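One structure is given here, and the rest of the page talks about it.
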Amino acid sequence: MSSDLTTYTQLSIKHFENAVSRCIHLPIPGCIRSQAAAIFILDNPRFPNHFLNGCYIVLRSSTELLPAPELLSRWRVAGTWASISFLSICTIEAPSSSLLALTGYRMAFCARIRTCSNVVTRRHFSRSLSFIPTRWHRLLAFARCYATQFLTGSCVVDGDEYFASTYPAKANLVNHGITFAWVCGQTSTAVGYIQLTHLVDDQEQLHVLITGFGVEEAFRRRGFGRAMLLHVIASVPAKEIWVEVQEDNRPAMKLYIECGFVVRRKQETLARRISLP
């Protein structure tokens with residue numbers, strides 16, 4: 001991985017690479033080499049229409065981000081890419097951004113990208129938060145999580161089986177990450193999960209990114225989600241825990257901040273769905 005990429009960016013890339021069974025790294029055209037650190041295609045043969053299938057461009061954190069139309073124009077001139085029947089381009093417009101995603105593709109290699117038409121643009125805002133837990137934070141998180149388990153008769157278990165059966169298109173993630181599930185004492189069945197991607201830095205310190213987190217609707221507002229997050233803080237010996245939250249997801253933002261997370265950066269994501277002839 002390029003040394004100028006932030007820890008958060010490396011965690012995000014690792015998550016995407018592990019999300020499907022087939023990840024193909026591609027050469028970077030010279031005309032965008034100063035912008036792009038890596039380019040890869042995600043392909044899930046069992047679920048050809050899954051939203052993660054697509055081409056991803058990892059942008060260098062140390063460079064300004066080219067506007068998506070200009071980047072596509074340079075890419076098209078390179079002539080090394082493909083005919084795409086429809087294309088969704090996701091770029092984070094802040095200078096600290098790192099990921100450009102071209103999803104929903106149908107590619108035929110050795111053809112040029114042709115003139116775009118029928119462009120639909122969508123914007124949304126998100127926040128990257130992180131938490132650096134101390135020993136005291138871990139002890140407090142353990143006590144609060146245990147209290148919820150004791151009062152509700154619930155427990156935290158390995159969540160690989162629950163996640164793979166609930167989200168079969170993303171089941172490959174259980175082979176590369178950490179998944180916990182919450183078993184409700186009332187039903188004795190798993191009703192939620194939290195999933196992590198992790199990496200070890202040059203100083204042998206563990207960093208994790210929360211890549212999935214959810215509780216079934218009928219079991220929300222009982223403190224189960226908070227308890228799972230506290231379990232991660234208490235039991236995973238990470239130097240720093242990262243998460244990305246959509247700005248309009250106020251309940252999630254409130255939960256993370258109450259548990260000690262701090263906003264590290266703000267992001268604006270521009271998504272374009274482009275029909276190509």
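Simple spin-label estimate for LYS239 and ARG220 gives 3.6 nm between the two label positions (7 Å along the Cα-to-Cβ direction from each Cα).
Computed from point charges on the beta carbon alone (+1 for Lys and Arg, -1 for Asp and Glu), the dipole magnitude for the range 150-277 about its Cα centre is near 520 Debye. Relative protection proxy for 139-146, 37-44, from highest mean packing down: 37-44, 139-146 (other beta-carbon atoms within 10 angstrom).
Scalar couplings 3J(HN,Hα) for the range 246-259, obtained by applying the Karplus form with A = 6.51, B = -1.76, C = 1.60 to θ = phi - 60°, are 5, 4, 7, 8, 5, x, 5, 4, 4, 4, 5, 5, 5, 8 Hz; x denotes Gly and Pro. Can you classify the range 148-275 as rounded, prolate or oblate using the Cα gyration tensor, where a ≥ b ≥ c are the square roots of its eigenvalues, rounded means a/c under 1.5, and otherwise it's prolate if a/b beats b/c and oblate if not? Taking the square roots of the gyration eigenvalues as a ≥ b ≥ c, the range 148-275 is rounded. A straight chain from GLU17 to SER165 at 0.36 nm per residue would run longer than the Cα-Cα distance by 51.2 nm.
Amide hydrogen proximity for THR211: with H placed 1.01 Å from N in the peptide plane, the residues at 5 or more positions away or on another chain lying under 5 Å are GLN195, LEU196, THR197. The length gained on full extension between LEU139 and ASN175, counted as 0.36 nm times the residue separation minus their Cα-Cα distance, comes to 10.1 nm.
Shown is the FRET efficiency for VAL263 and SER188, computed with R0 = 41 Å from the Cβ-Cβ distance and rounded to the nearest 0.05: 0.60. Applying the Karplus relation 6.51 cos²θ - 1.76 cosθ + 1.60 with θ = phi - 60° to the range 166-178 yields 3J(HN,Hα) values of 7, 10, x, 5, 10, 4, 4, 5, 5, 7, 10, x, 10 Hz, where x marks Gly and Pro.
Under a 5 Å amide H cut-off, with hydrogens placed 1.01 Å from N, GLY159 pairs with THR179, PHE180, ALA181 among residues at least 5 apart or on other chains.
FYI, it's all coordinate maths here, none of it is from the lab. Please read these numbers as outputs of a predicted model, since none were measured by experiment. Methodologically, a virtual Cβ is constructed for each residue, glycine included, from the backbone with ideal geometry; neighbour enumeration extends over all protein chains shown.
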